[in-house]
Ligand code: 9WN
């Protein structure tokens, strides 16, 4: 690719090529993330795609969001996948016959006419709706776009805030790694390790028909994804009882940004929006209270089903001190594990996750001998320390930087996040020009494996905005330039090696093209 992004001629070419990707991925009512790997409509992909599409066709951008919202459940949830009925069942796993939304999801109000998954994805939608409206207010008003989407977006936020505040502290929890969108982030290793995987032979991974196995999540990850989704489905998609419940910084930050956007939409429709801005402010405070670590200068996930019960700021420090001997234990063992399990065999928290219920003890005894051994060794300690508050997960994920987007973040917190972004763990402007999805120095770092290190364009776009929000214009400009160059040279890859920019995953990826367009405007 070009060494420097030149905003003259090359930009038109890049613009035209990005537009071509979105045309190729358009199905008539929505846009697929990728023709091969992801042949249906994805929730947060569609929000990012609409943000780019608005520059090509505000009508298509509105339609993208309306199609997604047509699949909303009566309880307010927006499903993470809306299935295209003309795509063969075996093209993507898990398929509609796995989720069984129209039967298993009946009590939760799944739609009858369209098949969907039963989990959610990050709430980027109100932000997208507001930006799409702003791109062409005349068309938007003529079509009654905002009056139609506003009540649905409000119901979506209500679902999250009322049914998903599983920790009782005002923040939203995800109940599956796919919900947060960074499927195999090392932040999930500890909370996932207490989940008994579904047998590998009980499902077929269609993703491996398209993606390189060494770039994708492992079979062990998939076994756990399948187990969690099956259990949720078999509970009729009722919230609260699952074995996985995590408060994630990016998911909550996006809800806050979207709540601010919903306030602007309300204002446009004649209300004041004040209550929504106030709610966004309360959420911002809760986010800092529950997930900020001042010593580490970033946000962390809170694992509600595990941990020592250390709460609030500084929790990570006590977490780290308390795991010393077990950490050594883990290091000693990790060399002996086969490569795909190396990074997670005996995670520090894996040994603290004692199931306090007979049910989970029973499940654990069915899991691998190695894990059982780890658990029993520390079970007394673990059950003593378990607390409903859970514990912060000591893994640095890009998710913990995304709150930089928040306009009312305390000044010192924003300044600390900027330092972390450019420090040794994320290397922006030093070791890398893009933002890795995970700690460059982390033990689980892998520059090619999905959310365990590669740089992604949606998180880069969010951080570019975050830097601008906090007036770090030079860093934002440099990041923008790197994103544009890499989108260009990688053929709009799904994700790239954070050091070299080498393309990984699918090419012609929807949000990469869409966010490129947005950065060009
Ligand atoms: C599971 C579609 C989605 C993205 C996610 C990304 C990946 C799916 C998968 O693809 O997840 O939802 O099959 O791996 O992790 O963020 O929305 O692009």
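Quick note: the coordinates plus some simple rules give every number you see, no bench work behind them. The model shown is predicted, which means the values in this text are computed figures rather than measured ones. Every residue, glycine among them, receives a Cβ derived from its backbone with ideal geometry; neighbour counts consider all protein chains shown.
Under the classification rounded if a/c is under 1.5, otherwise prolate if a/b is larger than b/c and oblate if not, where does the stretch 228-288 fall, given a ≥ b ≥ c as square roots of the Cα gyration tensor eigenvalues?
prolate
Give me P(r) over the stretch 1-158, computed from all C-alpha to C-alpha distances, binned every 5 Å, as integer percentages.
2, 9, 18, 19, 18, 15, 10, 5, 3, 1, 0, 0
Mind jotting down the distance between the C-alpha centroids of the stretch 36-72 and the stretch 398-420, whole Å?
Using only Cα atoms to place each centre, the spacing works out to 28 Å.
Among 485, 66, what is the fewest-to-most ranking by other Cβ atoms within 10 Å?
66, 485
Determine, for 97, 446, the number of other Cβ atoms within 10 Å of each Cβ, and report the residues in order from fewest to most.
97, 446
Would you mind calculating the gained length between residue 477 and residue 143 on full extension (0.36 nm times residue separation, minus the Cα-Cα distance), in nm to one decimal?
116.7 nm
If each residue of separation counts as 0.36 nm, what is the full-extension length gain between residue 107 and residue 27 once their alpha-carbon separation is subtracted?
Contour length minus the Cα-Cα distance gives 25.8 nm.
I need the semi-axes of the equivalent ellipsoid of the stretch 141-236: take the C-alpha gyration tensor, multiply each eigenvalue by 5, square-root it, list largest first in whole angstrom.
Details: eigenvalues 200, 74, 34 Å².
Taking √(5λ) for each eigenvalue gives 32, 19, 13 Å, largest first.
Give the order of 471, 31 when sorted by the count of other beta carbons within 10 angstrom, beginning with the fewest.
Final ranking by Cβ density, sparse to dense: 471, 31.
Under the 0.36 nm per residue contour assumption, what length would be gained going from the current alpha-carbon distance of residue 269 and residue 202 to full extension?
19.1 nm
Classify the stretch 420-521 as rounded, prolate or oblate, taking a ≥ b ≥ c as the square roots of the eigenvalues of its Cα gyration tensor: rounded when a/c is under 1.5, otherwise prolate if a/b is larger than b/c and oblate if not.
Because a/c hits 1.5 or more and a/b fails to exceed b/c, the stretch 420-521 counts as oblate.
Among 80-91, 228-239, how do they line up from the highest to the lowest mean number of other beta-carbon atoms within 10 Å?
Put in order of decreasing packing, that is 228-239, 80-91.
At what distance in nm do the modelled label points of residue 70 and residue 35 sit from each other, each positioned 7 Å from its Cα along Cα→Cβ?
2.3 nm
Binned at 10 Å from 0, what are the whole-percent values of the Cα-Cα distance distribution for the stretch 437-493, short to long?
Histogramming the stretch 437-493 at 10 Å steps yields 23, 43, 32, 2 percent.
Compute the Rg to Rh ratio over the stretch 418-459 from the alpha carbon atoms, using the Kirkwood formula for Rh, and round to two decimal places.
Dividing the radius of gyration by the Kirkwood radius yields 0.93.
Taking the alpha-carbon centroid of each part, what is the distance from the stretch 444-521 to the stretch 108-177 in angstrom?
25 Å
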